[in-house]
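Every number here is computed from the coordinates shown, using simple stated rules; none is lab data. All of these numbers come straight from a predicted model, not from anything done at the bench. Quick reminder, even Gly has a Cβ in these numbers, built from the backbone with ideal geometry, and neighbours come from all protein chains shown.
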């Protein structure tokens, strides 16, 4: 097991299996089909992201450097949360970008029964270490424990 | 809520709920958003109008419409009128019966409901749907130094760079929330230090570079940093209508292949004219762009069509929306090329897109009839939203927009190449 420490964007404690994107996550491209066509697993629909394309994102510990793409990104993430199709947690190796930050904060402030812990600035080593299906636990203080 | 930011008495009162619980939650959202990026205060929005990125009543975004209802019911409305990105549907744009049915009744089934919400929240007028709200004909043109709460990436980069306004690359919903409280968190591109260039880009091409390719190359290289571009001024001359149109397309490409929110063009854009190379940070990195580099970028664009050599069935020109000067210029070029080829109409269904107000103005000129005679369709649609679905995505579509290429299955051609494609090809 290895621990990493990041900054808390939205607090919470949660355990889930990892899915890892080494490239920036295009939020609109990744979630749109899942939200539009009732896919409760939120299967990633972004063909330009070979790490994630076709994989389940809902309920997973989504590990990524940052999000990219359309400035609708924040509201798409907010919608995924409201529809209960959000990742269990989002773990950013880099400082969070303005679009993901908006989605995380909107969900935290405006949705009563949704919890999606978000931690950023975990460092490049975190993204190099974590692999799909590893078990990840995030704690309230931004500690992220990765079990092999 | 604990916060580090220094707030004015009015801002504190909003946060404490003296203007209602809903507005307090809006303020909390804006403060938490700003504090993540080190904002030390909230800055007053000074532009006349806002501009929102979400223009589509996509069924998948029901949560957004519920949130807007909550704001409307609580009377938490925008303090500014606003324009909005283009509509996703236009009956003038070719679509088969199945596509029309799915677009209207399934994908964009919330369009009417959403537009009614926008009117209640502060939509400027029925024509206010365009990504180029800053065109003279539309009238949402911020002044130098204005503080904005915009979010559409191509409009943000234009407002910052060409107009000298100040705006971060906000997300949808954050845009309207800024207008509701009247303030945006002060960080990033709102600060003088955030507007300094971390990159020097030297243009060493043998001719005026294609705006879309140049923007794409720079966006991929600098990602979200500010570039200071040297050597482009000799091709642009001065900041006239043609240069503005060029920079509109260039900026949209920097913002879609990267996340550029501001660029400076030496001797052209207002801050570069005012401050010159003082805008460049010490130890700025250098990126040299020559013909070979642009060719490399172009050759690396993937073609995501199932059948790579399929015959194009549709062409979109105008993402971002075309300016009046561009409509006039394209009319001349298409007409001349058709004449040269002995053709009367374009050979591929072709849609030119522009703001409703620009279209109205264009229709009052003789060029409108000339364009109509070429068979080109004129529309206010958002080609990106039109194509962003499995049905339209399967149609082999060509474009000279890097933004449309990036976000959809459209195949990119340079302007000269696409002119050839839509006028009978090289035969």
For chain A, calculated [θ]222 nm from helices alone, where every DSSP H run of n ≥ 4 adds -39500 (n - 2.57)
-7500 deg cm²/dmol
Between the modelled labels at residue B:46 and residue B:304 (7 Å from Cα along Cα→Cβ) the distance in nm is 4.1 nm
Counting other C-beta atoms within 10 Å, which of B:158, B:114, B:3 has the fewest, and how do the rest follow?
B:3, B:114, B:158
Exercise: per-residue mean of other protein chain Cβ atoms within 10 Å, A:74-85:
5
Can you give me the convex hull volume of the Cα atoms of the protein assembly as shown, divided per residue and expressed in Å³?
145 Å³
Taking the simple approach of a point 7 Å from Cα along Cα-to-Cβ for both residue A:133 and residue A:113, what is their distance in nm?
3.3 nm
Need one number for segment B:314-393: average projected area of the convex hull over its C-alpha atoms, nm².
5.1 nm²
Going by C-beta contacts inside 10 Å, put A:22, B:264 in order with the fewest on the left.
A:22, B:264
Classify segment B:239-301 from the C-alpha gyration tensor, please: rounded if a/c falls under 1.5, else prolate or oblate depending on whether a/b exceeds b/c.
oblate
Say each of residue A:121 and residue B:9 gets a label point 7 Å from the Cα, pointing the same way as Cα to Cβ; how far apart are those two points in nm?
3.5 nm
Per residue of B:61-71, how many C-beta atoms from partner chains lie within 10 Å of its own C-beta, taken as a mean?
4
Using alpha carbons only: equivalent-ellipsoid semi-axes of chain B, gyration tensor based, whole Å:
36, 28, 18
Exposure proxy ranking, count of Cβ atoms within 10 Å, fewest first, for B:399, B:254:
B:399, B:254
Between residue B:360 and residue B:79, the FRET efficiency computed from the C-beta separation at R0 = 25 Å comes out, to the nearest 0.05, as 0.35
Could you calculate the contour length gain from residue B:192 to residue B:96, that is, 0.36 nm times the residue separation minus the distance between their Cα atoms, to one decimal place in nm?
29.5 nm
CD proxy, 222 nm, chain B: helix-only mean residue ellipticity via -39,500 (n - 2.57) per DSSP H run with n ≥ 4, per residue, nearest 500, stands at -11500 deg cm²/dmol
Can you order the peptides A:9-19, B:142-152 by their average number of other Cβ atoms within 10 Å per residue, highest first?
B:142-152, A:9-19
Rounded if a/c is under 1.5, else prolate if a/b beats b/c, else oblate: with a ≥ b ≥ c from the C-alpha gyration tensor eigenvalues square-rooted, which is segment B:186-342?
prolate
How fast does segment B:104-180 diffuse by Stokes-Einstein, in µm²/s, taking the Kirkwood radius from C-alpha pairs at 25 °C and 0.890 mPa s?
180 µm²/s
Each residue of B:159-172 has, on average, a number of other protein chain C-beta atoms within 10 Å of its C-beta equal to 3
Alpha-carbon centroid distance for the pair segment B:301-315 / segment B:1-64, whole angstrom:
43 Å
Only residues of segment B:252-267 count here: report those whose backbone N is under 20 Å from the spot 7 Å along Cα→Cβ of residue B:223, or say none.
B:252-264
Candidates A:65, A:95, A:87: whichever shows maximal mean-square fluctuation once chain A is modelled as a Gaussian network with Cα springs under 10 Å
A:95
Cα-based convex hull, segment B:206-269, per residue volume (Å³, whole number):
72 Å³
By the mean-Cβ-within-10 Å protection proxy, highest first, B:314-321, B:78-85, A:129-136 rank as B:314-321, B:78-85, A:129-136
Can you give me the Cα centroid spacing of segment B:96-171 and segment B:248-275 in angstrom?
20 Å
With a bin width of 5 angstrom, please list the P(r) values of segment B:34-183 as percents of all Cα-Cα pairs, from the 0 bin to the one holding the largest distance.
2, 9, 18, 21, 19, 14, 10, 5, 2, 1, 0
Going by the alpha-carbon gyration tensor, a ≥ b ≥ c the square roots of its eigenvalues, is segment A:77-148 rounded (a/c under 1.5) or, if a/c is not under 1.5, prolate (a/b greater than b/c) versus oblate?
prolate
Residue B:112 to residue B:136: FRET efficiency via 1/(1 + (r/R0)^6), r the Cβ-Cβ distance, R0 25 Å, to the nearest 0.05?
0.25
Gain in length, residue B:372 to residue B:125, computed as 0.36 nm per residue apart minus the alpha-carbon separation, to one decimal in nm?
86.2 nm
Could you tell me the calculated FRET efficiency between residue B:267 and residue A:47, based on Cβ-Cβ distance and R0 = 41 angstrom, to the nearest 0.05?
0.50
